[in-house]
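J.: I'd like to ask some things about the structure below.
Coordinate-derived values only; no laboratory data. Only a predicted model underlies this, so the values are computations on that prediction, with no experimental measurement involved. Cβ sites come from the backbone with ideal geometry, for glycine too, and all protein chains shown count toward neighbours.
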Amino acid sequence: MSDPYAEIPFVHLGVRSAFSLLESMITTSALSKWTQDHCVPAIAVTDHNNLFGALEISEALAGNGVQPILGVSFDVMPPGHDVVPYKLTIYAQDETGYERLMALSSFSYLESPDGVPVLAEQHVFDQTDGLIVFSGGAWGQAGQAAQRGKTDQVKDALVRLKNAYPGRCYVEIQRHSEPEELATEPYLIDAAYELDLPLVAVQDARFLKREDHAAHDALMCIRNGNYVGQTERYRITDEHYLKTVDEMRLLFADLPEALENTVEVAQRCAVRPRMRKPILPRFDGVEGRTEIEELRAQSEEGLKARLAAAEKLYGTVEEYEERLRYELSVIENMGFPGYFLIVSDFIKWAKEHGIPVGPGRGSGAGSLVAWVLLITDLDPLRFGLLFERFLNPERISMPDFDVDFCQERRGEVIRYVRDKYGEESVSSIITFGTLQAKAVVRDVGRVMQMPYGQVDRLSKLIPFNPAKPPKLKDAILDEPKFDEEKDRDPLVGEMLDTALALEGLYRNAGTHAAGVVIGDRPLVQLTPLYRDPRSDLPATQLNMKWAELAGLVKFDFLGLKTLTVVQRALNFLEQTHESMPESWRLYNDAETYQLMSVGDTLGVFQLEGAGMRDTLRKVQPGSMEDVIAIISLYRPGPMDNIPQFVDVKFGRVEADYYHPLLKPILEETYGVPVYQEQVMRMAQELAGYSLGEADMLRRAMGKKKVEEMIKQRKRFIEGAAEKDVPEKQASHIFDVMEKFAGYGFNKSHAAAYAAISYQTGYLKANHPIEFLAASMSLDIQNTDKLAAFFQEARRLKIEVKAPDINTSNDDFDVRDGAIIYALGAIKGVGMEAMRHVCEIRKERPFDSLHDFAERVDPRLINRKCLESLARAGAFDTLEPNRARALKAVDVLVATASSAADDRAANQNSLFGDDKTQTRAPIPKTPMWSQAQLLDHEFKAIGFYLSGHPLDGLLLAGARDRITLAMDLQTAAREKSTLEMMGIIRARSERPAQSGGKFAFVTFSDPTGEFEAMVMPETLMEIRELIEPGASVVARIRVRIKEDDIRLTVDGVIPLEKAALGAPKGLVVSLSPNSALEPLVEVSKHLVNLQTHERGEIRLEVPVEGGGIAIVSLPGKYAVGTAAAQALKSAPGVRKVRELAA
């Protein structure tokens, strides 16, 4: 056999790939192609501190007949203070060396105190068997000494390496025209000859061609936060490209041995990472049972328990037992008993410890074994779910259970797994973010110091599609404005060329949101490890695809907020000793389906979008089967079949089942193929496929491989012929199946999620107070969601009690049929501070503002917190005048600080328990008007809680004309133009493709909020009228697209100028002790106001003893919308309403 190195004078041993994040432009595919084009026998990739791409790159190179050499370029930190790291490259010679290299890379991340990888020097000199070391060139420890001219230190550094790596230490020489290289090379060569150490030539390659240097320079600026035009910054020369053998031979013509030694190193390295079969920890059975015996025992016991607890069975006991035996035999034959036992174990632990677990997710819900092991909570026989959709005996692949846990307690389950299998055997999985089209344009534009507005405009020309981000090249071809921008400014073309060169490179590393791997040994023996500074769980350095190919088995621990909502609602119900009836488990509650049928599903899992609510109204689900179908159909593609589904359900159209044999399969979806499982069963019933074969057919149809589809069509038609189905009919049915297989939904997944939809729908229909309180609790920091839930509570006539410092808790609560607003939901207070308040209050309620300040910790209850509590009305029971409570903040801050100092010094007051003699007085302050009070409340809460500035302003004459937010869904389907009124809560302007700007405007009226778009021409006309806080009447144009209601503002007028009609008169309710002078001034103005809208004004004045005195003002006054607004703005006015006719 010929020697592949015989004619090769040089092998690259210093290539950095794109896995050296933001340091290299050389991708795996580009490197693989380069090695083919240049016929190299071997190449080493030495990424910076990591082995992120070790398996991927090795497989790509080996697949082309190129020997991959594994190395890592480390930053090594010597011991001591005020030291700087130095470079060192270490290569794996054999399996022992590769295991050690994985450990060294892992140490560099896991032991880093600040998240920046660096390898402690002690590891370099420990366990060096199987490793080759290069000295690091000008940036190694010897090179650093050479830069200082310290000849003795140069030799000392090399001697240490020589002794630690006997016969495996090389002195590295690099020639990229860097000043440091020129300065250090003579020292390194002299020391190498003196110490009898071999020289080795290394090309630190960061890009493929010299012409890539400018783009790479921009990449380095992105990495380091510099600008291309900066003079003083880190940069490398254009010599760092992947040079040919001839170029390297010319470069090192004076040191031929340095070239020859690269070949020697390549020949000494004979290891690469390999793909493995799945590796799982052994699950220890009871009393020494094997995994197979344990799985059988647990499954049989579990089936008995499930059947005994079931209110209804959906087959005979024999059918359940036969299904169980079949599934167990498949699981055993495929070698997966341990996997099922591991998943079942941590789910059972979670349930035993009160941690909410989802009913299932994905195709795993089709397994009866999963149901009896408590992995899922859906009886697959009840819903006709197929095991083969999850685990196909004719296609061996690892099962994959995705498990939903309560998001707040998911970490406890992961901690249990780490404790059970060992911390070193459990980790998460790394992920890589890339420079996608929009981001790379912004990054490159920034480092080129282009104007922000220009870069922002260019970035927004690229379509936004998170599901399938567009390529920059395609975006440029599809958008003519890019050419216009390049013609206008040549720098744009340069920027786009650079962005195109960098697009797709890895930008950063993170960790998978849910994936956790569990090994049978310390994971560092199977994969190098990484640590995300934001996580306390290490991660594999290999991403999910390559971690699984390396033999690691992924378990998905997902956090689902809805599970916590359900649990909190159940906890609220437990407080009233209310238990869930049978209908909670049987999915047969009529009230729940009625709620869905009218689209009353705000907050209901998977069913709360506006378009989905409209679909629910059309379908009017009456069973879980309907809900499962709706969840499956409401997606692009299948959505087109909803009208047929509805028409057949209500008898307007007759169902087409294609063939009598298919009616039992398609009947539940009214003849519309919806599920992947239906496609599988159609193949089974009509053409004699086994379910395993049918799953293979389904996959083939989804991939649309022509040759495979020709074979499958022939097989299908032949099988159908055996059941007397004519060829033409069979071919037509095959076409139908092929069409629906492309976007058919996984019924097991839909059924599992429909179960959660039912649970949340049930709670809302039967226990709306507890459900809304739980929902608000889980969105306590999301003002928009809280506002929506509050409006929903108002619509359902559920009382939401305002926050109260003596009766509210830190979180939302339910009491006496009302939702108690959470103190922690007030802006600017913080949950920790409010928990502290509730803890202090356990001793006794607060009896005054001073008492509150004297008892709380000023480190938690600061000025901002006090101001927010006052504005929100949380102090109303201690001081009804919110203006005075806010004015008291200075006094309260001083009081809290003084009291804390006294407690710290353990001092008692000079006056004993009577502190009133020493308390600083709180200034007298006029009460706010209702409008002022609501403005302050809005700032503290984020929406209007105790009232709305427009309450009472929709007067009699305008009720038929004005559409309120709560009526929008109905009105928008009846009219193409609406009149709506509201306060502008937010306005967001964005550049329009046609030039100028358009805006999204959020309006708030007394019944809720709505958003509408303002086109550029309209925005120019009305911009000054739609500033946040303005009250307007808007003319709204309605468009409905795919059941989605879209609103556009065609014009607005200020509310006070709107002709909204007038009532007979107005009733003005005053607050206690209100001064009348401001009201008198307003009434004088209303007497003289020129308007036809005139009527009576009556005052409701509180008197001693709790009564109300009614005072009618003499004469006639303006009583339209503008008059009502003016009266509401007067200090001391609590409410304005129409005088009853």
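J.: Ordered by packing density, taken as the mean number of other Cβ atoms within 10 Å over each peptide's residues, highest first, how do 768-777, 78-87 rank? Walk me through the intermediate numbers first.
T.: Values: 768-777: 25.1, 78-87: 11.4.
For the peptides 768-777, 78-87, the packing ranking is 768-777, 78-87.
J.: Return a whole-number percent for the relative contact order of the stretch 779-941, with Cα pairs under 8 Å and 6 or more residues apart as the contact set.
T.: Values: 214 pairs, mean separation 34.8, N = 163.
Dividing the mean separation by the residue count of the stretch 779-941 yields 21 percent.
J.: Another question about this same structure. Starting at the first residue of the stretch 1097-1109, write each ³J(HN,Hα) from the Karplus equation 6.51 cos²θ - 1.76 cosθ + 1.60 with θ = phi - 60°, in whole Hz, x for Gly and Pro.
T.: 10, 10, 10, 10, 10, x, 10, 4, x, x, x, 10, 9
J.: What does the convex hull of the Cα atoms of the stretch 956-1057 come to per residue, in Å³, rounded to a whole number?
T.: Hull volume normalised by residue count: 101 Å³.
J.: Shifting gears a bit: What percentages make up the Cα-Cα pair-distance distribution of the stretch 1-136 when the bins are 5 Å wide from 0?
T.: Bins of 5 Å from zero give 2, 10, 19, 22, 19, 14, 8, 4, 2, 1, 0, 0 percent of pairs.
J.: With each run of n ≥ 4 DSSP H residues scored as -39500 (n - 2.57), what mean residue ellipticity at 222 nm is computed for the chain after dividing by its residue count and rounding to the nearest 500 deg cm²/dmol? Mind dumping the intermediate values first?
T.: Numbers: 46 runs with 491 residues, N = 1141.
About -13000 deg cm²/dmol.
J.: Sticking with this one: For every other residue with a beta carbon closer than 10 angstrom to the beta carbon of GLU424, add +1 if it is Lys or Arg and -1 if Asp or Glu, then tell me the sum.
T.: +1
J.: Suppose each label sits 7 Å from its Cα in the direction of the beta carbon; what would the ASN1088-GLN781 distance come out to in nanometres?
T.: Distance between the two pseudo-spin positions: 5.4 nm.
J.: For SER623 paired with ASN64, estimate the spin-label separation in nm (one decimal), with each label point 7 Å from Cα along the Cα-to-Cβ line.
T.: So the two model labels end up 5.8 nm from each other.
J.: Take every Cα-Cα pair in the stretch 604-657 and report what % of them are more than 17 Å apart. Please list the in-between numbers first.
T.: Numbers: 456 of 1431 pairs.
Pairs farther apart than 17 Å: 32 percent.
J.: Given a Förster radius of 30 Å and the C-beta distance between GLU707 and SER731 as r, what FRET efficiency does 1/(1 + (r/R0)^6) yield to the nearest 0.05?
T.: Values: r = 18 Å, r/R0 = 0.59.
For R0 = 30 Å, the calculated efficiency reads 0.95.
J.: At R0 = 35 Å, how high is the FRET efficiency between ARG325 and GLU287 if r is their beta carbon distance? Nearest 0.05 is fine. Before the final figure, lay out the partial values.
T.: Numbers: r = 23 Å, r/R0 = 0.65.
It comes out at approximately 0.95.
J.: Using the Karplus curve 6.51 cos²θ - 1.76 cosθ + 1.60 with θ = phi - 60°, what ³J(HN,Hα) values do you get for each residue of the stretch 931-944, in whole Hz, with x for Gly and Pro?
T.: Values per residue, Gly and Pro as x: 5, 5, 4, 5, 4, 5, 4, 4, 4, 8, 9, x, 7, 8 Hz.
J.: At 37 °C and 0.692 mPa s, what whole-number value in µm²/s does Stokes-Einstein give for the translational diffusion of the stretch 207-257, with Rh from the Kirkwood sum over Cα pairs?
T.: The Stokes-Einstein estimate is 261 µm²/s.
J.: Relative contact order of the chain: what whole-number percent is it, with Cα pairs under 8 angstrom and at least 6 residues apart? Display every interim value, and only then the final one.
T.: Details: 2060 pairs, mean separation 80.7, N = 1141.
About 7 percent, as a whole number.
J.: Near PRO470, within a Cβ-to-Cβ distance under 14 Å, what is the net charge of the other residues, with Lys and Arg +1 and Asp and Glu -1? Write down the numbers at each step before the final one.
T.: Numbers: positive: LYS438, LYS460, LYS468, LYS471, LYS473; negative: ASP474, ASP478, GLU479, GLU503.
Here the count lands on +1.
J.: Within the set of other residues whose C-beta is less than 15 Å from the C-beta of SER1074, count the net charge using Lys and Arg as +1 and Asp and Glu as -1. Show your work: numbers first, answer last.
T.: Numbers: positive: ARG882, ARG884, LYS924, LYS1128, ARG1134, LYS1135; negative: GLU1077, GLU1081, GLU1100, GLU1104.
Computed value for this residue: +2.
J.: Separate question: Amide H to amide H under 5 Å from LEU119: which residues, 5+ apart in sequence or cross-chain, H placed 1.01 Å off N in plane?
T.: ASP75, VAL76, MET77
J.: Can you spot the aspartates and glutamates whose alpha carbon is less than 18 Å from LYS471's alpha carbon? Ignore those fewer than 8 places along the same chain.
T.: Within the straight-line cut-off, LYS471 pairs with ASP443, ASP456, GLU479, ASP483, GLU494, ASP497, GLU503.
J.: Related question: Relative contact order, percent, of the stretch 923-1006 when contacts are C-alpha pairs under 8 Å separated by at least 6 residues? Numbers along the way, then the final one.
T.: Details: 74 pairs, mean separation 19.8, N = 84.
Taking the mean separation of contacting Cα pairs over the length of the stretch 923-1006, I get 24 percent.
J.: Using 0.36 nm times the number of residues separating ILE1053 and LYS887, minus their current alpha carbon distance, what extension gain do you get? List each step's numbers first, then the result.
T.: Details: separation 166, 0.36 × 166 = 59.76 nm, distance 3.62 nm.
Length gained between ILE1053 and LYS887: 56.1 nm.
J.: Mind jotting down the distance between the C-alpha centroids of the stretch 824-854 and the stretch 643-692, whole Å?
T.: Their Cα centres are 61 Å away from one another.
J.: Provide the gained length on full extension for the span MET275 to ALA590, in nm with one decimal, where the gain is 0.36 nm per separating residue minus the Cα-Cα distance. Before the final figure, lay out each step's value.
T.: Values: separation 315, 0.36 × 315 = 113.40 nm, distance 5.39 nm.
That works out to 108.0 nm of additional length.
J.: For ASP647 and ILE1108, what does the FRET efficiency come to when R0 = 45 Å and r is the distance between their Cβ atoms, rounded to the nearest 0.05?
T.: Values: r = 59 Å, r/R0 = 1.31.
After rounding, the FRET efficiency stands at 0.15.
J.: Once amide H atoms are placed 1.01 Å from N in the peptide plane, what residues at a sequence separation of 5 or more from GLY1065, or on another chain, have their amide H within under 5 Å of its amide H?
T.: Answer set, sorted by chain and number: GLU1096, LEU1139.
J.: Once you place label points 7 Å from the Cα toward the Cβ at ASP1044 and GLU974, how far apart are they in nm?
T.: The answer from the label model is 2.6 nm.
J.: Long-range amide H contacts for GLY559: which residues qualify at under 5 Å (H placed 1.01 Å from N, peptide plane, sequence gap of 5 or more or a different chain)?
T.: PHE405
J.: Hey, another quick one. Could you sort the peptides 240-246, 1110-1116, 692-698, 707-713 by per-residue average Cβ neighbour count (10 Å cutoff), highest mean leading? Don't skip to the end; give the middle numbers.
T.: Working: 240-246: 18.3, 1110-1116: 11.9, 692-698: 23.6, 707-713: 14.3.
Final packing ranking: 692-698, 240-246, 707-713, 1110-1116.
J.: Explain nothing, just compute: Karplus ³J(HN,Hα) = 6.51 cos²θ - 1.76 cosθ + 1.60, θ = phi - 60°, for every residue of the stretch 349-357 in order, whole Hz, x for Gly and Pro.
T.: Values per residue, Gly and Pro as x: 4, 4, 5, 5, 9, x, 8, x, 10 Hz.
J.: To test your reading of the geometry: what angle, between 0 and 90 degrees and rounded to tens, separates the Cα axis of helix 676-687 from the longest principal axis of the chain?
T.: 70 degrees
J.: Out of every Cα-Cα pair in the chain, what percent are more than 57 Å apart? Provide the component values of the computation, followed by the final result.
T.: Details: 214538 of 650370 pairs.
Across the chain, Cα pairs with separations above 57 Å total 33 percent.
J.: Taking all pairs of different Cα atoms in the stretch 635-723, averaging 1/r and flipping that mean, what Kirkwood radius in angstroms comes out? Mind showing how you got there, number by number?
T.: Working: mean 1/r = 0.0713 Å⁻¹.
14.0 Å is the Kirkwood radius here.
J.: Across 10 Å bins from 0, what is the distribution of all Cα-Cα pair distances for the stretch 779-941, in whole percents?
T.: 10, 39, 34, 14, 4, 0
J.: So between GLU311 and GLU718, what do we pick up on full extension, going 0.36 nm a residue minus the alpha carbon distance? Let's see the in-between values first.
T.: Working: separation 407, 0.36 × 407 = 146.52 nm, distance 4.37 nm.
Gain on extension, GLU311 to GLU718, equals 142.1 nm.
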